[in-house]
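Below: the structure, in structure tokens.
The values are calculated or read from the model by the stated rules, or taken from the named source; none is laboratory data. Bear in mind that the values here come from a model prediction, so they are computed numbers and not experimental data. All Cβ positions, even for glycine, are placed from backbone atoms using ideal geometry, and neighbour counts span all protein chains on display. To get the accessible areas, we keep the full protein, side chains included, count just its heavy atoms, and leave off ligands, DNA and RNA. Shrake-Rupley method; radii C 1.70, N 1.55, O 1.52, S 1.80 Å.
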4 protein chains.
Amino acid sequence: MTEKAERAMQSQRALMGVRDLVISGGIRAGSRLSEVALAEKLGISRTPLRAALARLEQEGLVDAIPSGGYAVRSFTREDVIDAIELRGVLEGTALRLAAERGVAPARMGELHRLLAELDQTQKGEVEEMNFDAYVDLNAAFHEKLWSLASQTISREIERVTSLPFASPSAFLDKQADVMAFRRSLYGAQAQHRAMVNAIELREGARAESLAREHARLARQNLEFVLDQDRSLIRRVSALSLVVG
Amino acid sequence: MTEKAERAMQSQRALMGVRDLVISGGIRAGSRLSEVALAEKLGISRTPLRAALARLEQEGLVDAIPSGGYAVRSFTREDVIDAIELRGVLEGTALRLAAERGVAPARMGELHRLLAELDQTQKGEVEEMNFDAYVDLNAAFHEKLWSLASQTISREIERVTSLPFASPSAFLDKQADVMAFRRSLYGAQAQHRAMVNAIELREGARAESLAREHARLARQNLEFVLDQDRSLIRRVSALSLVVG
Amino acid sequence: MTEKAERAMQSQRALMGVRDLVISGGIRAGSRLSEVALAEKLGISRTPLRAALARLEQEGLVDAIPSGGYAVRSFTREDVIDAIELRGVLEGTALRLAAERGVAPARMGELHRLLAELDQTQKGEVEEMNFDAYVDLNAAFHEKLWSLASQTISREIERVTSLPFASPSAFLDKQADVMAFRRSLYGAQAQHRAMVNAIELREGARAESLAREHARLARQNLEFVLDQDRSLIRRVSALSLVVG
Amino acid sequence: MTEKAERAMQSQRALMGVRDLVISGGIRAGSRLSEVALAEKLGISRTPLRAALARLEQEGLVDAIPSGGYAVRSFTREDVIDAIELRGVLEGTALRLAAERGVAPARMGELHRLLAELDQTQKGEVEEMNFDAYVDLNAAFHEKLWSLASQTISREIERVTSLPFASPSAFLDKQADVMAFRRSLYGAQAQHRAMVNAIELREGARAESLAREHARLARQNLEFVLDQDRSLIRRVSALSLVVG
């Protein structure tokens, strides 16, 4: 391996290692990250580690602290609500611009194919819903939507959804056993359909507000987890970082 | 000075040094940044330099390149248009949420004071407009608006406006001598007034679209510079990075 | 009975008589309405009949014709789509203004009570849904929403929904036997909940776009009836007036 | 003249006669309209008079009263504010749909021609503005915008703007001598330009909110007249019907 490739791999390993550690709740929210301890634990040198921490600061998972170094960020309920809001706003912007500027038929075809596959997972009775397939296809569908945006917009979406609880998959795979939640996926899929329809009809305002409303499902799930069934907290990535 | 303080200062110097160099057009868009040359030129060591480059990648001024290292980003006209759009969307979100959630009277008072001071700069004939005061007060007014937002939103605004041509001040101080441009500031100030009025009346939708429309003034100025008077390009920060 | 009361009753009878006749498809779209024949058929005199026709012109069910008199209006598919759009826009305005201006807790309580009753109709399996109760409660819920608006706005809503296919009840009671349609009511009720939630959180933009999207369900049903199952046309009031 | 033509002319004369009488403040707000007195004063028979009153009820200028007959409507400040809001909402809908559905180049050309003519009235110093030409061209421009809408939407705009204070010309021709008002027309014309630009770029959301914001100028003028300079009340059509 060349030295450069080696360095790139080290960077990648550092980034993923620290991110996983933070998201999994392995380090308490608010506590300082020791570079020495992290370097040892993850088996990486300090230069890629520092780059990883700088990147995670940008993602909003760690905060630079005045004395130098970084601490795991702690989030309030309001922080999470605003991160979800921001995701909705940015996805909404991507969809609005796509509707206004027009999308090539081939790409619309891809969206329709994903819609049809999502429909397949919801055929039959609610108990028979193919949950795992829905989760995967939902992620693929959202990524396809993001790909309609210019790099300037999709960059921001990528950054915002790197906060795990702001991603469209955040609450999805944790509640397969709650019937009311399963049923809510009919509405979610209806919103997917409406978004594609709005882009096709060049209805930018409608596409934008659909994306925002769709993101509100995540907020609804957040509030359910925090207020009704806190046992789910440890099942949702990074939710252990939320205090109060 | 403690070692930590020394390190923090080095980081800051590295960040500002590289950013200025890139923005001023001192390095050609698209060309690779040599760490060795930069470290020497700015008199800083490689660790703070790398952190600075990682940060500038987040801001969107440099791109990581596959072979390792970074290159100065080059922007298309569309990139700049979308960066301005994004600024409008994010400022709009800040204002909408402020209108919906309510703002304390003391903070509204501060906004009204700035509005009154901005009005003062526009008294009398158009030739007598106090341009320099307008530029400063305009920047202060926008920062006050951003401060209404939660950290989650204001972080994003800060990042997006770190692209110089996306900032609300971008085109402002370059065209004092163009009469049509001066006259357009009456409309800009009317929009400032309307934004504050909308927040006060809890009109979130209106506040949001006013902020977006306000950002379109920057796009209008961009198009004027690129299409009508390219001699102004070198006067606007970072516009030298725009190709085509 | 006093003469005045007698006259008021005559007016009312004339209005309802002619409207029913037109809506039921009893007179072919486009054909001229003979005052003599109508007066005889409905057993009313010409003065209240003319007032009724003037009113129906305002509602958009009949057109004044150049030679004097009125003809039953014929609607294109686009006319119906725009009438539904208009209903969504006006309901959206009512909700946005309610969210921005605030609603007294007692009235919010009434909305919550209706939401809870609507929920009751959807308990259990989809086959067990209490369809008739849903239809009545849905109408009551929409009327309660309209009552939040000032007279200026609610007047317009009343006029627009007097075109039968633009009313929120238009397609509702005709498709109890179509399973996909029943299932779509989960999404409709989720929208009802979201509208009330948005008003409560003072989210005017969200409330407005929810009302618009909610009206799109009617358009979706319209397109289903016209394109997939034309046998339903005669079941939906006034849809016989739609040509092409 | 045929009997029919005679009847049509009578209807027209009745409608315009009563409307002028009401708008000019010739009958006090709230007072009952005597059919006998009106028929005599305007020299028309009772049948066309009743049709005219029914039409004016639809326009919102008179109210049917429980005892039979009609009374001149009195408006509160809130009524006028909502009528202006409604005009903005409906014009906004017309523009949004035009942007989404696309407009033929020939019609865009007509809008551009009117924009250019409006620009001509604003050349030179503010004192030299050609006010009368601006007023006429402004009315023509708005009518051209309305003509982009389908009949379903333009009907509503027509009805709403038949309330004189809700029309885009309402406050325009009364304040030629107020310098601040003249200057505000630069902003109004910038909004005209932006609306056309938004339609061209297929930006429906932007076009809609521009139309709404444009209507707010009327509200601003209303508040100026009612709160700052009540001497202007009698100069604005129908404003004498506003109480409180």
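Of C:GLU110, C:GLU203, C:GLU91, which has the largest mean-square fluctuation in a 10 Å C-alpha GNM of chain C?
Among C:GLU110, C:GLU203, C:GLU91, the largest GNM mean-square fluctuation belongs to C:GLU110.
Report the label-to-label distance for A:ALA116 and C:GLU200 in nanometres (one decimal), using points 7 Å from each Cα along the Cα→Cβ vector.
4.1 nm
What dipole magnitude, in Debye to the nearest 20, does the protein assembly as shown give about its Cα centre under +1 on Lys/Arg Cβ and -1 on Asp/Glu Cβ?
Using Cβ point charges on Lys, Arg, Asp and Glu, the protein assembly as shown gives about 0 debye.
Dipole of chain D, Cα-centred, from +1 at each Lys and Arg C-beta and -1 at each Asp and Glu C-beta, to the nearest 20 debye?
Magnitude of the dipole: close to 560 debye.
Considering amide H positions built from the backbone, and no H for Pro or chain starts, which residues 5 or more places from C:PHE75, or on another chain, come under 5 Å of its amide H?
For C:PHE75, whose amide H was placed from the backbone, the distant partners under 5 Å are C:VAL242, C:VAL243.
Which value, in square angstrom to the nearest 100, describes the accessible area buried between chains B and D on both sides, using a 1.4 angstrom probe? Let's see the in-between values first.
Values: alone 12500 and 12500 Å², together 23810 Å².
Its buried surface, counting both partners, is about 1200 Å².
Taking a probe of 1.4 Å, how large is the accessible area per residue of the protein assembly as shown, in Å²? Write down the numbers at each step before the final one.
Details: 40710 Å² over 976 residues.
About 42 Å² of surface per residue is accessible.
Once both labels are modelled 7 Å past Cα along the beta-carbon direction, what's the B:MET9-A:VAL36 spacing in nm?
That separation, rounded to one decimal, is 2.5 nm.
Take the residue pairs B:LYS144/C:LYS144; A:LYS123/C:LYS123; C:LYS41/C:LYS144 and return only those whose Cα atoms are more than 31 Å apart. Before the final figure, lay out each step's value.
Values: B:LYS144/C:LYS144 40 Å; A:LYS123/C:LYS123 20 Å; C:LYS41/C:LYS144 37 Å.
Distance filter (> 31 Å) returns B:LYS144/C:LYS144; C:LYS41/C:LYS144.
Carbon and sulfur: what percent of the protein assembly as shown's accessible surface (1.4 Å probe)?
That fraction is 51 percent.
Given the options B:ASP63, B:ASP20, B:ASP229, which has the most mean-square fluctuation in a GNM of chain B, springs set between C-alpha atoms less than 10 angstrom apart?
Of B:ASP63, B:ASP20, B:ASP229, the Gaussian network model singles out B:ASP229 as fluctuating most.
Measuring nothing but label to label, 7 Å from Cα along Cα→Cβ, what are C:GLY102's distances to the other copies in nm, shortest first?
0.7, 4.8, 4.9
Quick check: Cα centre of the stretch C:97-150 to Cα centre of the stretch B:98-117, how many Å?
36 Å
For chain A, what is the per residue volume of the convex hull drawn over the alpha-carbon atoms, in cubic angstrom?
On the way: hull volume 37.2 nm³, N = 244.
Cα convex hull per residue, to the nearest whole number: 152 Å³.
Go through the stretch C:212-221 residue by residue and turn each phi into a ³J(HN,Hα) via Karplus (6.51, -1.76, 1.60, θ = phi - 60°); whole Hz please, and just put x for glycine and proline.
Each residue's phi maps through the Karplus curve to give 5, 5, 4, 5, 5, 4, 5, 5, 4, 5 Hz.
Would you mind getting the Kirkwood hydrodynamic radius of the protein assembly as shown from its Cα pairs, rounded to one decimal in Å?
Final number for the Kirkwood radius of the protein assembly as shown is 31.2 Å.
Looking at D:VAL242, D:ASN138, D:VAL196, which one has the Cα that reaches farthest to the positive end of the dipole of chain D (charges on Cβ: Lys, Arg +1; Asp, Glu -1)?
Checking the options against the dipole of chain D, the answer is D:VAL242.
How many partner chain Cβ atoms sit within 10 Å of a residue's Cβ in peptide A:95-101, on average, as a whole number?
Mean partner shielding for this stretch: 4.
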